[in-house]
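Have a look at the structure below, then the notes.
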Amino acid sequence: MEKRALLAFVLSLLIVTVWSYLFVPQEKPRGPVREIQEEGKEQSVQADFLPKPEREPLEVLKQEGGDFQEELVEITTPLYVAVLSTSTATIQSWRLTRYRESLQDGSPSIELVRAGGRALELTAQGEMAAEMAKVRFRTDPLGSNVDATSAARTIRAFALLEGGGRIEKEFTFYPDRYVVDVVVRACDREGRPLAERLGLALSYPKSEFSRKSGVFAGPVALSPHGLEELDVSKQAGRPMEARWGGVALHYFLSAIVPSGPGRKDLFLEDSKENVRVTLWGGPAKEGGCDYRFLAYFGPKSIEDLKAAGEDLDKALHLGFFDIIARPLLLSMKFINEYTHNYGIAIIVLTIVIKLIFWPLTHKSFASMREMQRLQPRIKQIRERFKDDREQLNREMMLLYKTHKINPLGGCLPMLLQIPVFFALYKALMDSIELRHAPFVFWIKDLSAPDYLLRFPPGMSFFGIEGIGPLPLLMGVSMVIQQKMTPSTGDPTQAKVMMLMPIFFTFLFISFPSGLVLYWLINNVLSIVQQIYINARLD
């Protein structure tokens, strides 16, 4: 019985095998197969530039014909809302939900890619460039909305070229980062790459480019020499090596980063209204069909830029003293975690900096005080030896040595504090954290000037549109500080120095109120310190 059952099983298996081999058609491979000879071993490699969808792109295109209708898909995340065109496989809009144009009610969200624009557009170099520029894509069925609020979502678009090649663009959107990963797979019918290099481009209106209050807005690139602010009139039409590139505004960045080995280049194209920025890169591996990119559309925040990786945090360049400005900015943000008010955080940070430099400032004030006491003796020596320069210098050095005074003692401590001042100045000017951050009372935005009283619409004086208490108080504090500071110069010089508070007040009226607040608090602390030093020396 067992032998007959075993014989029946073997015969059944043999019949099924022969039948399948002779009569059932064999399934063709999904991609072209190439034979690669490697160290005497033969391997069969299947093209992997497309995953296995429910229906092949070729089948879809043949069944649906050539009618490519524009469809827009909205991708919603907690950080942004992006709009993707299914026919061009480009980003048509990118709105930041946490940042608005102004503090007015109903103000729209910041839109880094304007509605109707076209970002992450595919470009190519070589013979296939013209055909690839005209290609139209299909996507998997998506509907009009894609929810990416809790997990990353991937959208795939594909197209078939007339010569038999195929292109796929794969977008991955993340709920917790301002980035989108883009993978472009472009192969001919034989599984070979369609181009040596591919690029992604974004366009931006030139009307947004400017340099106000020392802040650059325009095309930027991270070259081997560091972050470069590009002059469109000089750079357009000339490729340059760049790790990444894009468009930087005061507080925001739109950038494209090619990945993979080999050289990466940036290319600018200038038109009447827009500037087009293209980043070129080669395949992820030699001879492959995958070209990988990362795109960033978000704030110039240290945390967000670092989370994106690819050295994008270098887009936040805080001037010549960047190495000092970054710790100061991070310190201010740390203090804000406890104060929950950036105005108070600025005050606390100013106090901390003043305490750190207290010994130097004390030494400077004390030296200036002693120099002031010696002014009558110095005047006598100068009159006595006015015709003998060498003897004058010897007498002056003897006087300083006798009273143990360094004539530069009042200046050097101040000079050591200048880098910190400029570093904090840049940190406060470029910090997005101060944008629309309230302080107290009438100050609703620490990144904007204190214009409590605004001039009539259309009226301004040298760019000043109003006046507020904060810069006026700062000017008064400078006058008080100058009155208390020992004067070691001649009367004419002292009178000229009295004009400085007027000049600084006029200058600071149009500065961000957060920066004016720092300067005011610093002056007040200096006055308190001067009172303390004078009391001890008297």
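List of remarks:
- Residue within region 393-410 that is assigned to a helix (DSSP H, G or I), of a type outside the set (D, E, K, R) and closer than 30 Å to Leu253 by Cα present: no
- Count of region 172-181 residues which are surrounded by 17 or more Cβ atoms within 10 Å (Cβ to Cβ) and over 16 Å from Leu198 (Cα atoms): 6
- Where Leu268 falls short, out of the listed (1) over 17 Å from the mean Cα position of the chain (by Cα); (2) crowded, with 17+ Cβ neighbours inside 10 Å; (3) free of Cβ contacts under 8 Å to residues at least 40 places away in the same chain: (3)
- Residues of region 102-152 that are in a loop (DSSP other than H, G, I, E, B), among the acidic types (Asp, Glu) and farther than 23 Å from Val179 by Cβ: Asp105, Glu127.
- Every residue from region 196-218 that is under 22 Å from Phe320 (Cβ atoms) and outside any loop (DSSP other than H, G, I, E, B): Ser210, Arg211, Lys212, Val215, Phe216, Ala217, Gly218
- All conditions but one from (1) of a type in the set (A, V, I, L, M, F, W, C); (2) over 26 Å from Tyr532 (Cβ atoms); (3) part of a helix (DSSP H, G or I) apply to Ile344; the one that does not is (2).
- From the list Asp311, Asp290, Asp265, the lone residue that is of a type in the set (Asp, Glu), at pLDDT below 90 and in contact with a strand residue (DSSP E or B) (Cβ under 8 Å, 6 or more places away or on another chain) is Asp290.
- Lone qualifier among Arg100, Arg95, Arg153 - being under 14 Å from Phe297 (Cβ atoms), charged (D, E, K, R) and in contact with a strand residue (DSSP E or B) (Cβ under 9 Å, 6 or more places away or on another chain): Arg95
- Apart from one condition, Phe216 fits all of (1) under 20 Å from Phe293 (Cβ atoms); (2) in contact with a Ser or Thr (Cβ under 9 Å, 6 or more places away or on another chain); the exception is (1).
Residues checked against (1) modelled with pLDDT under 85; (2) assigned by TED's automatic domain parsing to the domain that holds Phe209; (3) exposed (fewer than 14 other Cβ atoms within 10 Å of the Cβ):
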site	(1), (2), (3)
Leu112	no, yes, no
Glu131	yes, yes, no
Ala151	no, yes, yes
Arg156	no, yes, no
Ile167	no, yes, no
Val183	no, yes, no
Asp188	yes, yes, no
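- Within region 459-474, tally of residues that are under 32 Å from the mean Cα position of the chain (by Cα) and in a helix (DSSP H, G or I): 3
- Annotation note: of Asp290, Asp231, Asp313, the sole residue that is among the acidic types (Asp, Glu), in the same structural domain as Ala119 (by TED's automatic domain parsing) and in contact (Cβ under 8 Å) with a residue 40 or more places away in the chain is Asp290.
- Ile256 falls short on exactly one of the conditions (1) in the same structural domain as Gly199 (by TED's automatic domain parsing); (2) surrounded by 23 or more Cβ atoms within 10 Å (Cβ to Cβ); (3) more than 21 Å from the chain's Cα centre (by Cα); (4) not small (Gly, Ala, Ser), and that condition is (3).
The values are calculated or read from the model by the stated rules, or taken from the named source; none is laboratory data. Worth saying up front: this structure is predicted, and the values here are computed from it rather than measured. All Cβ positions, glycine included, derive from the backbone under ideal geometry; neighbour counts span all protein chains shown.
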